[in-house]
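The structure under discussion appears below in the form of C-alpha cells.
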C-alpha cells in the first residue's frame, strides 16, 4: 500500500437501507485492518429541484437527512468503538456526492442498492455510476455473504489492461491485510471462437495461447513478489470471463476487477464483465481504475 494515502478515510455511502448497513459493517472491518477513519456519507437530494419549495419544507428535509447520517455514525460507533467515525452530509445526487468525496478517500464502500429504486432491482444507480467514474477503488457489498468458517480467499481478474493490473495490486494488498489466499484468473479467447471467428493467417494459435499464459504468470509473479506472505495461485482458462469469474468467486471474501478490460468497447466507462459481476457476484466486488 502506498504511503501517499496514509490517513485517508474509508468513505461509506449510508441511507439506512439494509444494503448501506452491510456496507457500513464492511467499511468498519476494512478501517480496522488499515488503521483508518471511516467517513459516513449521506446525500441530501431534493428530487424536484426545479419546483420552488418553501424554506420550512427544505429545513425539514435537511433535518431528516441529518438524522440519517447521525444514525449511521451512532450505528458505526456501536459496532466499532475503536474506529474513528466521522459524518458527512453532502448536497446533490448520491453518485455526485460520493464521487466528490471519494477524491480524498482511500476507497469508497457502497451497498448494492439503497432506498431508491424498485422491488426486484439488483443493483442501484450509485453502485454502477460510482465504480464507473471513481479514481479510487470502490467496493460494492453484495447481499449474499459467504458461510461462516470459510478461509479468507480473494479472486482477481487479470487481462493485462491497466485497470486489471491496478486490480491485482489492490487484491494483493487486501490479501496481505486479511491473511487471505489469492486466485488470479485470466480468460483466453481462442482463434476461431464465436467472439474471434477468423483465425489469423500464419499464426500458431496454440503458441499464441502459451505466450499469453506465460506473460500472465510472469506479471502475476512480479507483483506477488512484493507480497511474499500471500499464497497465490493462477488460473488461465478458456471460458467466458463473466461466468468464470463469478463461479470462481463463489463464497470468496472479495472479487476484484478493473473498471474495464481490454475488450470493453471504448464507449463504455464500465466494462460488461464488471457490470455482470456487480449484478451477479456472490461476494463483495471491488472495482479499480488505472488511476487507482
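Readers should treat all values here as calculations from the given coordinates under stated rules, not as data from a laboratory. Values in this document were obtained by computation on a predicted structure and should not be read as measured data. Neighbour counts are summed over all protein chains in view; Cβ atoms, including those assigned to glycine, are modelled from backbone coordinates with ideal geometry.
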So how far apart, in nm, are the two label points at residue 237 and residue 32 if each is 7 Å from Cα heading toward Cβ? 3.2
Take the eigenvalues of the Cα gyration tensor for the range 230-292, scale each by 5, and report the square roots as semi-axes in whole Å, largest first. 19, 13, 13
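Using only Cα atoms, figure out Rg for the range 153-288 and give it as a multiple of 2.2 N^0.38 Å.
Details: Rg = 14.8 Å, N = 136, 2.2 N^0.38 = 14.2 Å.
My calculation over the Cα atoms of the range 153-288 gives 1.04.
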Can you tell me the FRET efficiency between residue 217 and residue 251 if r is taken as the Cβ-Cβ distance and R0 is 25 Å, rounded to the nearest 0.05? 0.50
Projected label distance in nm at residue 59 and residue 210, using a 7 Å step from Cα toward the beta-carbon: 7.8
